[in-house]
Structures are given as structure tokens and as C-alpha cells.
Number of protein chains: 2
Amino acid sequence: MNDFASLKKIIEEHNSFLLSTHVNPDADAIGSEIGFYLILKKLGKKIRIINHSATPYNLEFLDPEKVVEKFDENTHSSTVNESEVFVLLDLNQGNRIASMENAFRSFKGLKVCIDHHQDTENVFDYVFGGTQYSATAEIIYDFIEETKIVELDHSIALQLYAGIMTDTGSFRFDRTSPRIHHIMAELLGKGVSPTDVYDKIYDQFKFGRVKLLGEALSTIQLDDSGNIAYMIVTKKDLDNTGASEADVDGFVNYCLTIRGVKIGILFYELKDGIKISFRSKGEIQVNKLAKEFKGGGHTNASGIRLFNTTIDDVKDQIISAAKRYL
Amino acid sequence: MNDFASLKKIIEEHNSFLLSTHVNPDADAIGSEIGFYLILKKLGKKIRIINHSATPYNLEFLDPEKVVEKFDENTHSSTVNESEVFVLLDLNQGNRIASMENAFRSFKGLKVCIDHHQDTENVFDYVFGGTQYSATAEIIYDFIEETKIVELDHSIALQLYAGIMTDTGSFRFDRTSPRIHHIMAELLGKGVSPTDVYDKIYDQFKFGRVKLLGEALSTIQLDDSGNIAYMIVTKKDLDNTGASEADVDGFVNYCLTIRGVKIGILFYELKDGIKISFRSKGEIQVNKLAKEFKGGGHTNASGIRLFNTTIDDVKDQIISAAKRYL
């Protein structure tokens, strides 16, 4: 049970807020931040949103007034210290804000977390949300609904829709409850266009990204059980297609679209080593698999980075280890 | 306004029903058919489902009792004639049932159409539905809700969820209204698992299909405006990957995921000619483009078949024609 009355009280009793989210923010990170920003703005508060990462180009439509700033230690140090409340949204561990971590840890005011991930770091004065939520944006929705702190208008609805739609995988992941659909009905009722939001977030790939996906899919192999599929992306592929590391995001999921496949693996060549991404279906815990190699992540999505080695060196070993999790 | 009371009356006043749907049935076709079948079954009616096409393997989970039969003119002719009511679901033109067309046209009993496409052929005694519906399954839902003809149970809910989820593109196409989400909330409340349905329908691709997608994506080109993307699938690609024509379904949509692209074109090599698929965004009417070459389809999804020609022969002409629709 969330004590949203306390969150409302925190807002009422303070005047200046600093909001931030995790590195490489997704639509739930940006949507939750700007959704919360819009609540505070309606209440006449002083607010800054400062992130470690720039907003990805496909999410810029969520920030038409360009209120999100990219952290710069020199210019932003005083801003951080002048704020009374530091709110982290869609993350729960200090190191997930990267270059802002020191500023956060040394912050003297109130530290608030609004998030739906597990294993919250014991560093916050207040934590709102919980793993029962499909998205951080759903927490913001509940907060508004329960406290009626502001009216839910089209601008806020757009942010929350974007966050929930993406974090539920278009309403198909586990925590997609009847309630999620009721909330979506209400948000669409505020004038949000699902076609438009989907197009803006997902159908804005660079040409090179689609070519690179073609190359990556051409490399897919199955292990002898047919339950593991793996793909390879090399530096050469990136050079040939003009794509970048961020473009590879999501490729590994294609492994799981093959009948019978329960674990998908992407081997990605770095300048000085390799990155390996794991995805799994159902109960298969690839976070434990990643942990064997000092990586980490979620039950069904995890990864590792290995330095001074090559894909050829480790591929067989990784696939053998993965088999133990089938 | 649908006169669902009439549909209820038709059911009450007749005893034997024959249901069918269009060639290459999708989840809305199968889900609507079996959903309607389950209603009739609860009411103790005699029902057969006979389709021109076999049920695609990824939709077999919708028919665990294997009630759907594949049409065989020799064995089924008497079955057809013994039925009192012939119901076509998710199509509205006689030729869309292919080998069953003659049996349908010469059918002496009541001809009923339940569908959400435009341009209904003037051949039915009764038509229910309309283009305001996102899916034929939504019509079935409305029919149950309005007439309370049977109780909506888990089995029916599963069929309707599959139909609506797929025909709305996971709740992103134009006709995804707040009401759709309210319906989804109710269907999930009957125990439907969105994760499970999505996995069964979409994540069951043959290995060769994923390889073929890789080949196809590698061929993508942009026209000089950057607004048209086109891809090519040759017979050789199919042979090399072990994929089939049905596996190419959906490939053309990848063209529209590229930033700036408004028309996507797939050139597909047939034994004796070529197939061309068009997809577009928003107001761009590719059905008119297809019509120029004697093809047809919907505003945003259409296609043509050309015989005794090659992709090289027509490619430039097709792209030039497409440019006029930008």
C-alpha cells in the first residue's frame, strides 16, 4: 500500500524540486519524469529535470518545451544543492544516474524514489511505488487518482500512456492487468492517440538500423537443443551500415520469436571486448546466468560485459552455461 | 446501429449452422469463428466450421478440440446443403472463401455476414457489424453484451481477445478506442493471459522465417525522397532459408519503421510473376495505387499480382507511381 498522502504532503511542504532518471532513458523514464513535472508545475513549484543522458530522439516529442536538461557538473552543481527535494523516477539505485551519482549522494535535502523495480537501495528518505506496478508511469497515475492533487489533462495523459504502453510491451507483459486497460481507456479519453504515440516511439528508426537488423538476423543460429538462439553483431557490421550501439537495442528479442526458443543471446563486439545480452521466456532466470559472469539484470533480461576477449573465445562457453538454465 | 436482436432471433429460430471465414485466416478470423461457434454450442445448436484454408499453426491453440475443418468439395457438399444458416465471419465478399464460393452462392438457406470490412457484397440476407469496429471479434463481443445470449466465459474471452489484440496491432491502430480497452479489461478478468496469447500467436516463427527476414531487410532501399522504402524477396531467398510464401507476411511493415518513410513496398517473386505489397501511413491511399495496376485492398494496406513479368521490369514504374501518392 502506497502512502501517497505523504508524497502529496512532501509536495505541499516544499517549493523546489529536482527530478532525474536513469541513464539511457526509455519512454517510462521520460514520461514519468515529465508527467511528475507537469503535476508540480500546475502547483506552481520550482522544478528542474536534469538527466545524465540526453533524451533519445524518438522521445523528444514527450518534451516539446525542452524542459529536460543534460547534466553538466560545472553549471548544475549549484542547481542541485539549491533544490529542497531530489526525486529519482524509474530507478532505485544511486549508480543508475551515472555522472550525477555524486551530486545525489551528497545532496542534503529530501531524497525521494518513485519506481517499480526490485532491490531498492537503502539511500532514500521516501520510496513510493513497488514491483506490483507495470511502469513508473502507472505509479504517477495512481498518485493523481488517489490524491486528486491535480486534474489529469491531455498533457499528463500523453506522458503516462507512453510510459505504460512501452513498459508493458504494448499490453502484453505479465503485469498487464484489467486495471491497466481501464487506465488506458481513461488516458485515451483525454485525447491521446495510440497510433501517433506508437509511431513516434517505434517507427523512427534510422535507415542503418534496419540494415543492421538484417545483418544480425542473418547470423542467427540455434543450439543443438533448438531452445537457444544466438546472434552476432560485429564492429564491421556497424561500420558497414552506419548504425550505432544504441541501434542494437531490441535485436536480441528476435531470438525469442522462433518457435521452441526459450533463451536468446546476442553477442556484440565492443572496442575492447564484448557485450552479451540474454533474454528468456517464463521462469528461466537469465539474471542468474549473467551473474555467473559478473553481469546482472532481470529474470528475463540480463547482460554482461567482458573485456580483453573475443566472441569466438567465449561463445561456446556461454552457450554451454545457458543450457543449464533450460 | 446493429440489430443484434435479429441475430439473436436467427439463432433461436434455426438449428443447424455452417460457419466459414476468408482464405489465409488470421486470429480475428479464427477467433471470431470459434467465439461464435462457442455461443451456438452453449445453445445446443448443430454447427460445423468449414474453411477453405487450414488453420495456421500459430493459431491452432484457439482450436484445441479441432472443430475447424478444411473444405473438401466431395465430402462437404451435403453438409453445406443440410445447414439452415451459412454465416461468413470477417469477410464480406463471396470470392474471399475461394474454393467454397460456389457452395456459398448456391446455398439455399439464410446467408449471414458478420464483418467489419468496407464494401460488403450485396449477397447476404443479413449483415451485422460495420467498419466502426476494430475487429470482427469486437462485433461478437457487442452481440453477447447487448443480447446476453450466453455468458461470456474464459473460452469465448480467449477467442475475442486474440481477435481484437491482433486486429488492433496490439491496441495501436486507429479504431483503438477507450471502449476497446474496457473490453480488454473484462476479457483479462475472465482469466485470459495476454503474455500467453501474444507468445502463441507471434513468437512461433519458423527458424527459416527469421533468416528470410534478415535477407529481406538487407535488401531495403530508400527512394530519392526518403519517403518510400522498398524490399525484395526472391525465390532463391526462399529456397536458401527454407521459408514459404506465408512466412513473408508482415515483412513489408518493416519499411514503415524507418524514420521519414510513408510508403513501404515489398516485391515478391512468384513462380510465374510477382506479388507487390504496399503499406502506408496516415492518409496515403495505397489502395488507389494498387488499383492502378488492377490490385486492391485497404487504404493503408494493399497489393497487386502481376504475371509474366519480373521485379526488374516493373520496379521503377511502381516506385514512380507510388511517388504520386506522397
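Read the figures in this text as sums done on the coordinates, not as results from a lab. As the structure is a prediction and not an experimental result, all values here were calculated from the model. Positions of Cβ are backbone-derived with ideal geometry, glycine not excepted, and every protein chain shown enters the neighbour counts.
What is the local net charge at A:Asp223, summed over the other residues whose Cβ is closer than 13 Å to its Cβ (Lys, Arg +1; Asp, Glu -1)?
Numbers: positive: A:Lys262, A:Lys315, A:Lys323, A:Arg324; negative: A:Asp224, A:Asp316.
Here the count lands on +2.
Using only Cα atoms, tell me the angle between helix A:136-147 and the longest principal axis of chain A; keep it within 0 to 90° and round to the nearest 10.
Helix A:136-147 sits at roughly 20 degrees to that axis.
Find how many whole Å separate the alpha carbon centroid of the stretch A:1-43 from the alpha carbon centroid of the stretch A:205-234.
39
For a bin width of 20 Å, list the pair-distance distribution of chain B built from all Cα-Cα distances, rounded to whole %.
30, 57, 14, 0
Quote the charge dipole size of chain B about the Cα centre in Debye, to the nearest 20; the model charges only the Cβ of Lys and Arg (+1) and of Asp and Glu (-1). Before the final figure, lay out each step's value.
Details: 37 positive and 47 negative charges, 95 e Å.
It comes to approximately 460 debye.
Please compute the modelled spin-label separation between A:Asn253 and A:Ser99, points set 7 Å along Cα→Cβ, answer in nm with one decimal.
2.9
State, to one decimal in nm, how far the label point of B:Glu60 lies from the label point of B:Asn240, with both points 7 Å from Cα in the Cβ direction.
It is 3.0 nm.
Quick one: compute the contact order of the stretch B:141-295, relative version, from alpha carbon pairs under 8 angstrom and 6+ residues apart, as a percent.
Working: 160 pairs, mean separation 22.4, N = 155.
Relative contact order, the stretch B:141-295: 14 percent.
Of B:Lys46/B:Lys108; A:Lys262/A:Lys315; A:Lys8/A:Lys281; A:Lys9/B:Lys190, which ones are farther than 28 Å apart at the Cα?
Pairs exceeding the cut-off: A:Lys8/A:Lys281; A:Lys9/B:Lys190.
Please report the relative contact order for the stretch A:1-123, taking Cα pairs under 8 Å with a sequence separation of at least 6, and give it as a percent rounded to a whole number.
Taking the mean separation of contacting Cα pairs over the length of the stretch A:1-123, I get 29 percent.
Once both axes come from the Cα atoms, what is the angle between helix A:178-189 and the longest principal axis of chain A, in degrees from 0 to 90, rounded to 10?
Relative to chain A, helix A:178-189 is tipped by roughly 60 degrees.
Just to be sure I follow: if Rg is taken over the C-alpha atoms of the stretch A:207-323 and Rh is the Kirkwood radius over the same atoms, what is Rg/Rh?
0.94
Consider a paramagnetic label point 7 Å from the Cα of B:Lys8 along Cα→Cβ; state which residues of the stretch B:130-149 have an amide N under 18 Å from it.
Those under the cut-off are B:139-149.
Give me the compactness ratio for the stretch B:125-255, meaning the Cα radius of gyration over 2.2 N^0.38 Å.
After normalising by residue count via 2.2 N^0.38 Å, the value is 1.36.
So the label point sits 7 Å from Cα along the Cα-to-Cβ vector; using that for B:Lys291, what distances do you get to the other copies, in nanometres, sorted shortest first?
From this label point to the equivalent ones elsewhere in the assembly: 6.2 nm.
For A:Lys42, place a label point 7 Å from Cα along the Cα-to-Cβ direction in every copy; what are the distances to the other copies, in nm, shortest first?
4.0
Normalised by the residues of chain B, what does the relative contact order come to in percent, with Cα pairs under 8 Å and at least six apart?
The normalised contact order for chain B reaches 12 percent.
Every other copy gets compared here: list the nm distances from the B:Tyr126 label point (7 Å along Cα to Cβ) to its counterparts, shortest first, one decimal.
From this label point to the equivalent ones elsewhere in the assembly: 5.9 nm.
Taking K and R as +1 and D and E as -1, what net charge do the other residues with C-beta under 9 Å from the C-beta of B:Ala137 add up to?
Within the 9 Å Cβ shell, the charges total -4.
Under a point spin-label approximation (7 Å from Cα along Cα-to-Cβ), what is the B:Lys323-A:Leu270 distance to one decimal in nm?
4.6
To the nearest 10 degrees, how steep is helix A:4-13 against the longest Cα principal axis of chain A, on a 0 to 90 scale?
Taking Cα atoms only, the helix is inclined about 60 degrees.
How large is the translational diffusion coefficient of the protein assembly as shown in µm² per second when you combine the Kirkwood radius over alpha carbon pairs with Stokes-Einstein at 37 °C and 0.692 mPa s?
Here the translational diffusion coefficient equals 122 µm²/s.
Taking a virtual spin label 7 Å from the Cα of A:Gln118 along the C-beta vector, which residues in the stretch A:149-175 bring their backbone nitrogen under 16 Å of it?
Of the residues in the stretch A:149-175, A:174-175 have backbone N under 16 Å from the label point off A:Gln118.
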